[in-house]
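Here is the structure we will look at, set down as structure tokens.
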């Protein structure tokens, strides 16, 4: 029940610190007999890894994953899959000045209050680097969901600071360093990031994540509803401060006659719900929106205190993402895949004998 | 791990259906030696119960709670506290027409797809009536948190449909049927609700919930972060489609130099974070905002299908809240209290030996 | 994770005290669509209930179960099944003298040390009366396992104090008050119990429990092995001090060439293993043996202390079983059924896609 | 909830196979601020490791542990402690003949039935080699329990096949390859093992394990009783078929007046209970006895079948312990320490406010 394990039946236990020898995870409960090798996992890690453009942290990590267990002759055996990602480009001296003080907005302060001590190097355990093992685990989940339910996952940047990014096409997402589903806006994003970097400040972002073609019936009311578990997963990603399912905060001003997605013999007419009703997947696409706060580690000096409660000022050097939202898209995808995977197993545990014949439901982006 | 249990160490298992003989819950893990009687629980149930104004459902339920176990001579014994709330005002015939069709926006459809059958009377298990046992359990948690950490909880309506409700004063919340922290706006809300009721439609709302004076150090990264668990609890409440911690979606356009709450020897200067940093409570007030969708059960006819996938139309009679957000305030409070309580026990399990002397941190509503 | 919940996917939460208004449980995760009524549960409760012969406690309890939720029109809905058993024959004054002292061998002392206070009436939470809800839950599990896997469960007394009870026939078990699989020995058991009752003392017993026809593949190594979970369930029954799977302690002197059950095209030749290999069911019958200690509540005076640590003497009046082992058979059956049921759901969650064609394996009592 | 995680608050997730690149575990929930290095862990691993005498398997493994995370500047940080133990002496070709058949008494058959495929090299996941990470985790738990509760753990061989080993002295345990608390009997044990090895057969053993000086109050009724969780842990160790707490199966013939340990102002007079009453620690020493079956991998040919259900014969070559019981003592110690550690944290979560002043209770080996 300790907090570094995610999921119940497809269960991922995460370990490591930003500047330790390695990070990684153990996936327990993966169904056996699925072909799996490092090549299935590496592409997603490569999408998340640092140093791939001038707009993200310049830390150079290959993020090369090794499978230590759970695969025999190329197939999963049903036993724990341990994944190891060595750290290779630590520069811990950049953090010497952080041992005694606390970045405003950062977990520095609360880790100290909780544990009485902390590893300050690179943010230690609080670093977003620890999302890498989740991206790796998510790749395993995605593969199974693709093979068993023809599911796909997409996540993209919908807003960078003040710049809204109109959705054009899924195919654009993977063709620019911002995961923007819109190619025309990229020069504007680049200019904004270049100015931001020069200013020594950081900025927030909005990410949308979709799971295409989920099976209906996933989610375990009253408390482990699918949307509740998605909210848990997403709010747990570093820097996330808001989560919406479907229309999200737009529902506040909606009428019931407008919000409720009409059912027709050919499927739902709209998808205001974002794919869940009563916490259970309807078969429509899952749509989740995330608010990601600006990075706390900035060059601009900020007022703070030290461990003796004396006033001081903090200016973060080191290497940091001026917008952590940029690399958040593959992380959101992975976390969504992990939630869906866990629920797919939970669903067949209880309800494998339920067989309802209905025509296919069309998923639609409302 | 089945989905009707909430929490890990202060653990609540919920049972019942809207029109069954009774609803209730079992609280396991409550610390022993706390004075507890029905009188500690009933006031919160009374705040949530139906039929208290013309703006909510007219179902008449006393929601009278009975303690069946776990209390001996007025003190908790540390063993399970079973709470029972009889149902007394069911009108199941109102739901006869729902057995074969599905309200757009409602869990009718997904329960059927998941379980193959469902209890349609009053929404069965999907009814918001099942939040009553959580309000009862939350009252137990609040009492312990008040006695051990001087905590208080407040929740209020911040917006009803298009009507924003400016925050005036906590004291107003309990003096009007809308949980509005603002007395002047009440006539406007009443007029809007009267018109809405007449129209046969429903509307959404925005709720803010606060926990005053939480101890620092609560939350279990990486995955059981305090804010992640709050998001899980809140998104699991009926009709919730969005959750924000602190500034929420406003962070998208913020700069790091603006968002990060400066630390001073006298405490934090602001509370953009909403009380958590890195998923761990900072000691500042916890601030959570919820988007609540319009009720799915409306009198206006909507297009739907039946179980044979033939087109039909649904118009819900029965008794329903035209804005479920109105009664959501005490529910949000209870769920927040349950999350905090669970983490208070988790925190002392691992970190009871951590002792850091710091001056008190001032909580502030940003 | 608190201790009053049993199981993971078929999950039972127990509540109540011996002399409170009611005891009961909530079953979460039961598959939907199974016919269920009180009549499916009551027979097992009747087998366990007190007052059915002069050899057990004379407390008169009807142990009449009520289903409060989770069943609609005679079928399980997949939502929590709450079961309530009112207490009707409390005589709490018999326990007045126990509030301040501790029966040797009883939980009186440790409950006090753990919780700082306790409900002494009838043993409070430590009473074997709390096994009644488990017997009720076990009846639900048995029904599903019978319908889905043609499983049956049997438990019987194999030894009462010094008297070994040779196994004759399953049919005898239900025809005498001792659950003895042997009719001839009953007069000897009755004489022994009559003498014991007169002496004011109590005695231990040995119980054997069998699950016939389990599906192969149940059990989740490394730690939630089927036999490990059976041991957990059985050692948790009141008064159990030893658990054996298959040959149990006889393996200490066995050779590998003797112990390992040979496989043949027609099935295993023997069943020394008791139905599990490497913690996973082999398809052979599960065989479990329990050692049950003599009741701690005896009329004979025993040395003890009071809460001020002063020496005193305890003689238990009240109504007690002079051999708790007598009523243990239906309890052991129920707990075994609950373990198997939980693992049946866990197994299909992970391994529903594994399909191996083998001839049926004959189960045999070694 | 998947089966490779042990414990709830002090939680160990195990990974690896006998012949994979490495085995290891992740410990989550360890309290922060405890000095920890590999030197604290290695001695227990050295006691368990293979190849240390001619009476155990001749596989040569250094079992050198590496701490990958969770320790900063020599102190635990409260975040996950990942432990890695490389495999260095695999001889997988010895297992080529096992891919298609099943050793009687071994998990070969059931792993195949459960997962549909298995890693046969060295027993794969079913190998007792996977106890090494638990011994490492147990060393961490022992250190904390020693520092916080002055606890110690001992385990020893009480019987090897037919040879009973009278208890002489704790100090002898560590001075012979059999963990025998008795030096005089060692030549007899050596002779027996030499003969056994020559015969190509294997033999069972009985192990006793003790935890000295546990705090009272540990254990979470009804189901996570301390003794129930000990039984779970012990029955889950490879080859264990029976578990006793305190007097174990001797209670069957005991009278209540004999079994119940009398309380006196100076402590309990005896320890028939083995340290738990009602599933809660009394403060007396915990005493657990294990029955360990003879190794299934023997040179003597045994009848079996192949995957096509055709009759065949199996003779295991490879390197195996002729008595797995010999190396079981440090494993039993570790598992007992892990159970106690988890419950120590659980106990202070719920009951940190309970303060009862009593004189120290003397632990005694009944």
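General remarks:
- Residue-level check: of (1) buried (at least 23 other Cβ atoms within 10 Å of the Cβ); (2) over 30 Å from residue D:199 (Cβ atoms); (3) over 25 Å from the mean Cα position of the chain (by Cα), residue D:314 misses just (2).
- Members of the range D:328-360 found to be touching a residue at least 12 places away in the same chain (Cβ under 8 Å), within 11 Å of chain B (Cβ to nearest Cβ), over 18 Å from residue B:342 (Cβ atoms) and more than 26 Å from the chain's Cα centre (by Cα), listed by number: D:354
- Set side by side, the residues D:301, D:294, D:311 differ, and just one is within 7 Å of chain C (Cβ to nearest Cβ) and out of contact with any helix residue (DSSP H, G or I) (no Cβ under 8 Å at 6 or more places or on another chain), which is D:311.
- All conditions in (1) crowded, with 24+ Cβ neighbours inside 10 Å; (2) under 30 Å from residue C:213 (Cβ atoms) hold for residue C:296, with the sole exception of (2).
- Enumeration of residues in the range D:60-75 that are touching a residue at least 12 places away in the same chain (Cβ under 8 Å), more than 20 Å from the chain's Cα centre (by Cα) and not in a strand (DSSP E or B): D:60, D:68, D:69, D:70, D:74
- Residues in the range B:114-123 that are facing another protein chain (nearest Cβ under 7 Å) and either surrounded by 24 or more Cβ atoms within 10 Å (Cβ to Cβ) or touching a helix residue (DSSP H, G or I) at 6+ places or on another chain (Cβ under 8 Å) (or both): B:114, B:115, B:116, B:118, B:119.
- Every pair of residues 6+ apart whose Cβ atoms lie under 8 Å, when the first sits in the range D:241-257 and is more than 7 Å from chain C (Cβ to nearest Cβ) while the second is at pLDDT 95 or above and assigned to a strand (DSSP E or B): D:250/C:291
- Options C:319, C:327; residue that is surrounded by 23 or more Cβ atoms within 10 Å (Cβ to Cβ) and at pLDDT below 95: C:327
So that you can scan it fast, the table gives a plain yes or no per residue for (1) farther than 24 Å from residue C:293 by Cβ; (2) surrounded by fewer than 17 Cβ atoms within 10 Å (Cβ to Cβ):
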| position | (1), (2) |
| --- | --- |
| D:155 | no, no |
| D:162 | yes, yes |
| D:171 | yes, yes |
| D:179 | yes, no |
| D:183 | yes, yes |
| D:203 | yes, no |
| D:211 | no, no |
| D:216 | no, no |
| D:233 | no, no |
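- If only residues of the range C:1-19 that are buried (at least 24 other Cβ atoms within 10 Å of the Cβ) and assigned to a loop (DSSP other than H, G, I, E, B) are counted, the one that is modelled with the lowest pLDDT is C:2.
- Among (1) farther than 26 Å from residue B:344 by Cα; (2) at pLDDT below 95; (3) assigned to a helix (DSSP H, G or I), the one test that residue B:47 misses: (1)
- Test: residue in the range B:76-99 that is assigned to a loop (DSSP other than H, G, I, E, B), out of contact with any strand residue (DSSP E or B) (no Cβ under 8 Å at 6 or more places or on another chain), at negative phi and within 14 Å of chain A (Cβ to nearest Cβ): no
- Total residues in the range B:81-109, condition touching a helix residue (DSSP H, G or I) at 6+ places or on another chain (Cβ under 7 Å), under 27 Å from residue C:84 (Cβ atoms) and modelled with pLDDT under 95: 3
- Test result for residue D:160, at pLDDT 95 or above and within 24 Å of residue A:20 (Cα to Cα): no
- Selection count, the range B:262-271, where residues are touching a residue at least 60 places away in the same chain (Cβ under 8 Å) and within 7 Å of chain A (Cβ to nearest Cβ): 1
- Candidate set from the range C:26-56 (those that are within 29 Å of residue A:3 (Cβ to Cβ) and in contact with a helix residue (DSSP H, G or I) (Cβ under 7 Å, 6 or more places away or on another chain)); member that is farthest from the other protein chains (Cβ to nearest Cβ): C:27
- Looking across B:137, B:195, B:132, one residue alone is within 30 Å of residue B:95 (Cβ to Cβ) and surrounded by fewer than 16 Cβ atoms within 10 Å (Cβ to Cβ). It is B:195.
- Filter result for residue D:274 (closer than 28 Å to residue C:125 by Cβ, more than 7 Å from every other protein chain (Cβ to nearest Cβ) and surrounded by fewer than 24 Cβ atoms within 10 Å (Cβ to Cβ)): no
- Residue match in the range D:351-366 (condition: modelled with pLDDT of 95 or more, surrounded by fewer than 23 Cβ atoms within 10 Å (Cβ to Cβ) and out of contact with any helix residue (DSSP H, G or I) (no Cβ under 7 Å at 6 or more places or on another chain)): yes
Yes or no, residue by residue, for (1) more than 8 Å from every other protein chain (Cβ to nearest Cβ); (2) within 23 Å of residue D:167 (Cα to Cα):
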| position | (1), (2) |
| --- | --- |
| D:199 | yes, no |
| D:202 | no, no |
| D:209 | yes, yes |
| D:216 | no, no |
| D:220 | no, no |
| D:224 | no, no |
| D:232 | no, no |
| D:237 | yes, no |
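- Once the range B:147-166 is narrowed to residues that are more than 14 Å from chain A (Cβ to nearest Cβ) and in contact with a strand residue (DSSP E or B) (Cβ under 7 Å, 6 or more places away or on another chain), the residue that is nearest to residue B:32 (Cα to Cα) is B:151.
- Selection of the range D:207-265 for residues being in a strand (DSSP E or B) and closer than 19 Å to residue C:202 by Cβ yields D:245, D:255, D:263.
- Every listed requirement among (1) in a strand (DSSP E or B); (2) surrounded by 24 or more Cβ atoms within 10 Å (Cβ to Cβ); (3) more than 19 Å from the chain's Cα centre (by Cα) is met by residue A:303 save one, (2).
- Residue in the range C:23-30 that is more than 28 Å from residue C:347 (Cβ to Cβ) and at pLDDT 95 or above present: yes
The values are calculated or read from the model by the stated rules, or taken from the named source; none is laboratory data. These numbers come from a predicted model, not from an experiment. No Cβ is skipped: glycine too gets one built from the backbone with ideal geometry, and neighbour counts run over all protein chains shown.
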